[in-house]
Each structure stands twice: as C-alpha cells, then as structure tokens.
Amino acid sequence: MSGVPREVLRAPHPVLSTAAELVDPTDPFVVSAAADLLTTLREIGKPSGLSAPQIGLSWRLIAVNASLHPRSRSSAGALTLVNPRLAEASDWRHGREGCFSVPGLLGEVPRAARITVYGELPRTGESITIQADAFEARCIQHQLDHLDGLLFLDRVSGARALHHRSHSCYA
C-alpha cells in the first residue's frame, strides 16, 4: 500500500506532549497511517524515523529507516511498528540528536546503544522482535519517546546540552 506524505507537526503542538493510545494493527486506518509515515519519511529523504503523533495521530505507531545512516550498524530497513515497547536496553551513551518537530536544535541525549523492541506489524498484527544497536537503537528510542509525549528536549540535562543544528542528521 502506498501512502500519502503528511505534514510533520512542530512543537509545541499539544499532540506531541500527549501519551499515545494503543491501536489495532489490523484496523485499515492504522494500516493507512503506517503507509503515510513511511511515505513521509521517504519524502524527507534522511535516514531516521517518525511517529504517528508527529503527523497528528495520538496512536502508538512508528516508522524507522536507519539503513543509510553512516553510524548505522544494525538495520531492519524501512519498518513500521504498531504498539512498540522497549523490552531490553543496555550500553548507555550520550549522543547528539535532533527532531523534525524541533527544527534547528540538537541535544546531547542519553540512550541505550543496544535495545530489543517488541511490536506488531500493520495489516497482519504479526508480533515482531527487533534487536537494534548504534544509530538505529537511538532512532527507535527517540520515536518511542514521542509515543509517551516526550521530545528529546525533555531528556537533555540543561541548556549547555543544546546546540544549533549545523548538519542534517536527525534521530
């Protein structure tokens, strides 16, 4: 199913600070939204991820594609997950990340460098387990934060951990 590119909301839009709801992965609206997320991500043209709240839907749905990022070691390719949840996290590190919903800023954010995430595939509802590391792990955790109503700004230790974006690499 091909999706439609959607507008990415910017902070301080209220849906970005609201915890998202669990959804039925077989619901046609969820399947369509998953396709829209991947299409929007492709249109942006940068390896990273998007969450349903970023396109105005308070649903637990993310899209990730870290395959072309130079710091990527693992890559599940272009992937959408419904109702994802972090199962394991280890090897914590600080790293810079930005967000399409907070343009122009980067922040030093602590994230696990190795994670295991459970979720469901849109359309079939099939359970899936993703093991990710490096950039892909950071990207997935960033999207999971969106589902909990958090921005990377909520994870920085203070103003000294914020930087103006001087490159186009987003988490």
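Note on region 18-47 and region 95-129: Cα centroid distance 13 Å, given to the nearest whole angstrom. By the helix-only formula, in which each DSSP H run with n ≥ 4 contributes -39500 (n - 2.57) and the sum is divided by residues, the chain has a 222 nm mean residue ellipticity of -6000 deg cm²/dmol. Accessible surface ranking for 42, 96, 1.4 angstrom probe, highest first: 42, 96.
Comparing 56, 31, 78 along the charge dipole axis of the chain, the residue lying farthest to the positive side is 78, per the Cβ-charge model.
The residues of the chain have, on average, 48 Å² of accessible surface per residue, using a 1.4 Å probe with all protein chains present.
Relative to the longest principal axis of the Cα atoms of the chain, helix 28-44 runs at roughly 40 degrees. The candidate values are (i) 23, 18, 15; (ii) 35, 17, 14; (iii) 26, 17, 15; the one derived from this structure for semi-axes √(5λ) of the Cα gyration tensor in Å carries the label (i).
Multiplying the residue separation of residue 159 and residue 21 by 0.36 nm and removing their Cα-Cα distance gives an extension gain of 46.6 nm.
Taking all protein chains as shown and a probe of 1.4 angstrom, residue 27 keeps an accessible surface of around 50 Å².
The values are calculated or read from the model by the stated rules, or taken from the named source; none is laboratory data. Quick caveat: nothing in here was measured; it's all calculated off a predicted structure. Every residue, glycine as well, gets a Cβ built from its backbone with ideal geometry; the counts of neighbours run over all protein chains shown. The protein model used for the area step is the full one, side chains on, heavy atoms only, and it has no ligands, DNA or RNA in it. Shrake-Rupley method; radii C 1.70, N 1.55, O 1.52, S 1.80 Å.
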